[in-house]
Amino acid sequence: MNIMDTFTLKKADRPRLAPGDTVKVHTLIVEGDRERVQIFQGTVIRARKLGSAQANFTVRRIATHGVGVERTFLLYSPRIEKIEVVRSTKIRRAQLYYLRDLQGRAARLRERAPQMTEA
């Protein structure tokens with residue numbers, strides 16, 4: 001058994017991610033001898049190899065003074081404590097790199113309609 005497969009088996013609680021989702025990634029940050037959780041909230045602009053143990057995704061958010069910040073996370077990293085999907089959007093592309101050039105209302109994505117379940 002590959003060592004990377006052990007991470008997959010332990011971290012089966014990860015949500016299904018797709019480009020266009022707005023997510024909150026709770027990351028464990030080590031500062032000296034202290035540990036704390038930092039939340040990075042933004043839009044998933046890329047998701048790669050989602051079926052494997054090397055799965056990763058890139059999240060983009062707009063920081064102070066309109067500066068865009070992108071951060072790539074390993075999906076099954078032990079440093080990621082929790083991933084919350086805040087909202088899902090309707091998109092037709094696998095990578096949303098065009099969002100880098102858009103600002104304000106032009107960068108908005110249309111929200112996916114909630115799925116109806118029959119009882």
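If you scan region 64-90, which residues turn out to be part of a strand (DSSP E or B) and of a type in the set (Gly, Ala, Ser)?
If the condition is that a residue be part of a strand (DSSP E or B) and of a type in the set (Gly, Ala, Ser), then 68 is the only one that fits.
If you check 61, 93 for being part of a loop (DSSP other than H, G, I, E, B) and either of a type in the set (D, E, K, R) or modelled with pLDDT of 90 or more (or both), only one passes: 93. The set of residues in region 96-111 that are part of a helix (DSSP H, G or I), farther than 18 Å from residue 17 by Cβ and not hydroxyl-bearing (Ser, Thr, Tyr) comprises 100, 101, 104, 105, 106, 107.
Of the residues making up region 45-73, those that are hydrophobic (A, V, I, L, M, F, W, C), surrounded by fewer than 17 Cβ atoms within 10 Å (Cβ to Cβ) and in contact with a strand residue (DSSP E or B) (Cβ under 9 Å, 6 or more places away or on another chain) are 50, 62, 63, 69.
For residue 113, the criteria (1) small (Gly, Ala, Ser); (2) modelled with pLDDT under 80; (3) surrounded by 14 or more Cβ atoms within 10 Å (Cβ to Cβ) hold in every case but one, which is (3). Do we have residue 47 as in a strand (DSSP E or B), at pLDDT below 95 and under 25 Å from residue 110 (Cβ atoms) here? For residue 47, the condition - in a strand (DSSP E or B), at pLDDT below 95 and under 25 Å from residue 110 (Cβ atoms) - is met.
Counting only residues that are closer than 30 Å to residue 91 by Cβ, outside any helix (DSSP H, G or I), modelled with pLDDT under 90 and over 11 Å from the mean Cα position of the chain (by Cα), region 1-44 holds 3 of them.
The values are calculated or read from the model by the stated rules, or taken from the named source; none is laboratory data. None of these values were measured; they are calculated from a predicted model. Using ideal geometry, Cβ is built from the backbone for each residue, glycine included, and neighbour counts are taken over all protein chains shown.
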